[in-house]
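The values are calculated or read from the model by the stated rules, or taken from the named source; none is laboratory data. In this text, all values refer to a predicted model and were calculated from it rather than measured experimentally. Reconstructed Cβ throughout: ideal geometry from the backbone, glycine too, with neighbour counts over all protein chains shown. Accessible surface is based on the protein model in full, side chains and every heavy atom, while ligands, DNA and RNA are left aside. Shrake-Rupley method; radii C 1.70, N 1.55, O 1.52, S 1.80 Å.
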Amino acid sequence: MSVEQVERLRVAWVDTDAGGRIHFTAAFRWAEAAETALGRSLGLLQEWGDLPRRAVEAEYLQVLRFEDEIEVELRPERVGRTSVTYAWEIRREGQVCVRGRHTAVHVGGDGKPTPLPDRMREALAGPA
C-alpha cells in the first residue's frame, strides 16, 4: 500500500505531563489527527463516521518534550472487510520516538461490524 499521510506539528503544553514529557495519550491524538487528515485528502470524510477503535498500541522509544517539532506518518497497514489497521510513527529530526498502530472497525447502527464502504476500502488500499 502506498497511501500515507504526514503531519508536522509541535508538542503543545497540553500534551505534556508534570515531568515535562508527553503524556502517553498525546501520541494517539496525533495519530488520529493524521488519520482524519488522510480521510480528508482521500475525500472520505462523508464515510468517516462509525469507526470505533478495536485495538491500539504504542511503543515509546525516545522522550518528546514541549515545543519539540515532530512529524507523524500514518499509513493503512491492512484493509479488511470491516476494519482498517493503521501503522504510524512519530519522529523528531528523523529519529523514531513513538511507533504504534490502531485498528478501527466500521459498525452499523446496532454497533456490530459491517463492511467498509467500497469507496473507502479502495481508497485506503491504494493503487494495486
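Out of (1) assigned to a loop (DSSP other than H, G, I, E, B); (2) modelled with pLDDT of 95 or more; (3) of a type outside the set (Val, Ile, Thr), the odd one out for Arg75 is which?
Tallying (1) assigned to a loop (DSSP other than H, G, I, E, B); (2) modelled with pLDDT of 95 or more; (3) of a type outside the set (Val, Ile, Thr), Arg75 fails exactly one: (1).
From the list Thr25, Thr85, which residue is over 22 Å from Arg121 (Cβ atoms), open to solvent by less than 90 Å² (accessible area, probe 1.4 Å) and among the β-branched types (Val, Ile, Thr)?
Only one candidate qualifies: Thr25.
Only one of (1) touching a helix residue (DSSP H, G or I) at 6+ places or on another chain (Cβ under 8 Å); (2) under 30 Å from Pro127 (Cα atoms); (3) open to solvent by 40 Å² or more (accessible area, probe 1.4 Å) is not met by Tyr60, so which one is it?
Unmet condition: (2).
Restricting attention to the range 29-52, and to residues there that are surrounded by fewer than 18 Cβ atoms within 10 Å (Cβ to Cβ) and among the hydrophobic types (A, V, I, L, M, F, W, C), which single residue is nearest to Arg119 (Cα to Cα)?
Among residues in the range 29-52 that are surrounded by fewer than 18 Cβ atoms within 10 Å (Cβ to Cβ) and among the hydrophobic types (A, V, I, L, M, F, W, C), the one nearest to Arg119 (Cα to Cα) is Leu44.
Tell me which residues, restricted to the range 51-70, are farther than 23 Å from Gly19 by Cβ and of a type in the set (D, E, K, R).
Of the residues in the range 51-70, the ones farther than 23 Å from Gly19 by Cβ are 51-55.
Across the range 51-70, the qualifying residues are Arg53, Arg54.
Is there any pair with a first residue in the range 22-36 that is farther than 19 Å from Glu67 by Cβ and free of Cβ contacts under 8 Å to residues at least 24 places away in the same chain and a second that is of a type in the set (A, V, I, L, M, F, W, C) and open to solvent by 60 Å² or more (accessible area, probe 1.4 Å) whose Cβ atoms are under 8 Å apart and which are 6 or more apart or on different chains, and what are they?
Thr36/Leu45
Of all the residues that make up the range 46-66, how many are touching a residue at least 12 places away in the same chain (Cβ under 8 Å) and either assigned to a loop (DSSP other than H, G, I, E, B) or within 17 Å of Gly94 (Cα to Cα) (or both)?
Number of matching residues: 12.
Being at pLDDT 95 or above, out of contact with any Cys (no Cβ under 7 Å at 6 or more places or on another chain) and hydroxyl-bearing (Ser, Thr, Tyr): is that true of Ser83 here?
yes
Quick one: in the range 87-125, which of the residues that are assigned to a loop (DSSP other than H, G, I, E, B) and of a type in the set (Gly, Ala, Ser) is farthest from Glu73 (Cα to Cα)?
Per the criteria, the residue is Gly109.
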